[in-house]
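Novice: Below is one structure. I have some questions about it.
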Amino acid sequence: MSESNLVSPLLDGFALGAPMSSRPGVCCCPAMKEGSDQKYIVKILSMPASQTQLDALLLTGAYKDPAAALDYYRQSADDAAAEAEFLQSMAKLEGFCSFEGWQVAPMKKNRLGYHVYLVSRYTRTLEKVMRRTAITHLQAVNLGLDMCGALSLCRRAGQLYVDLKPTNILLSENGHYEIGDLGFVSTKFLDYTSMPDKYLSPYCAPEARDPMATLNLTMDTYALGMILYRIYNGGKLPELPDDIGEDGQMRLNEAGEVVDPMGDTEAPAQTDAGEPADV
């Protein structure tokens, strides 16, 4: 991860560990800051995901030359930074947790494109909580209330959150659930915007997988319903078509269970409506 330290001043003073999870164009690494015991997560977005992707776009004529492609990827990187800024503004309200810092930087080592570096404090995700302890009925209700409140605030701000899933929901120190990652789309553009591939996951509404279908205001509610379904169904999602697979951070095994990308084979905790779980 030495390249990251070289190209982003944002990471000066951080020691990055081996990637916790990765998929094309996205890498998440644990990090520690010199002189501090605070744990961090560094998320690195790569645009394009690979030089091969860029070469393919140029070969097919999608862009007339590398400069045109570079302009496109710069805009994509700036859009991600704008989302991070929006999340920071929403973090002043309940239901959101912002990144501590972010930066757009050009790629090195003769690669064309940009990296977006996003730094956040390490916080337990709903995914980790669900895998390590039982979610009680009361906790599930509180999760639903917290997320409904956050999603409502998003809409009031003119945004739809389209990447709701357990790995993007954080558990705050006061026990509330918060949205803590990118995935915002302006409601002004829903009528002519399809679901970006990077946000496709097992929690998406079926129509989101149709490249000809546009986004709608029910998609965030559907995703929340799928999360609650999984909680009340013993950690399993409903049977899904074969083409609904990995979202880069989680995948389904043959039993319909979510498999941890870090190789944790621990069985998901079962819902327990009795004694409260220790989370």
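Novice: Quick one, what does Rg over Rh come out to for region 115-240 if you take C-alpha atoms and the Kirkwood Rh?
Specialist: Details: Rg = 14.6 Å, Rh = 15.3 Å.
For region 115-240, the value is 0.96.
Novice: How do Asp163, Asp146, Asp79 line up, fewest other C-beta atoms within 10 Å first?
Specialist: If I rank by nearby Cβ atoms, fewest first, I get Asp79, Asp146, Asp163.
Novice: Please list the non-local residues whose amide H lies under 5 Å from the amide H of Gln159, H modeled 1.01 Å from N, same-chain partners needing a gap of 5 or more.
Specialist: Thr187
Novice: Moving on. Nearest 20 debye, what's the magnitude of the dipole of region 2-121 about its Cα centre given +1 on Lys and Arg Cβ and -1 on Asp and Glu Cβ?
Specialist: For region 2-121, the charge dipole is close to 260 debye.
Novice: Could you work out, for region 93-172, what percent of all Cα-Cα pairs fall into each 5 Å distance bin, beginning at 0 Å and stopping at the bin that holds the largest distance?
Specialist: All Cα pairs, binned at 5 Å, distribute as 3, 12, 17, 19, 18, 12, 8, 6, 3, 2, 0 percent.
Novice: Give me the Kirkwood hydrodynamic radius of region 149-191, using the inverse of the mean 1/r over all pairs of distinct Cα atoms, in Å to one decimal.
Specialist: Its Kirkwood hydrodynamic radius stands at 11.1 Å.
Novice: Select from region 86-171 those trypsin sites (Lys or Arg not before Pro) which occupy a DSSP coil region and have at most 16 other Cβ atoms within 10 Å, ordered by residue number.
Specialist: Hits after loop and neighbour filter: Lys92, Lys108, Lys109, Arg111, Arg124.
Novice: A further question on this structure: Counting other C-beta atoms within 10 Å, which of Ser21, Ser46 has the fewest, and how do the rest follow?
Specialist: Least crowded to most crowded, the residues run Ser21, Ser46.
Novice: Are there GluC sites (Glu not before Pro) in region 161-223 that DSSP marks as loop and that have at most 16 other Cβ atoms within 10 Å, and which are they?
Specialist: Numbers: sites: Glu173, Glu178, Glu207; in loops: Glu173.
Within region 161-223, the qualifying GluC sites (Glu not before Pro) (loop, at most 16 other Cβ atoms within 10 Å) are Glu173.
Novice: If region 2-129 were replaced by its equivalent ellipsoid, with semi-axes equal to the square roots of 5 times the Cα gyration tensor eigenvalues, what would those be, largest first, whole Å?
Specialist: 28, 17, 13
Novice: What lysines sit close enough to Lys236 to cross-link, taking a C-alpha to C-alpha distance under 26 Å and skipping anything fewer than 8 places away on the same chain?
Specialist: Lys236 reaches Lys128, Lys165, Lys198.
Novice: Give me D for region 1-74 in µm² s⁻¹, whole number, from Stokes-Einstein with Rh from the Kirkwood sum over alpha-carbon pairs, 4 °C and 1.567 mPa s.
Specialist: The calculation lands on 92 µm²/s.
None of the figures in this text is laboratory data; all of them are computed from the coordinates on show. This is a predicted model, so every value here is computed, not measured. Please note: Cβ atoms are built from the backbone with ideal geometry, for glycine as well, and neighbour counts cover all protein chains shown.
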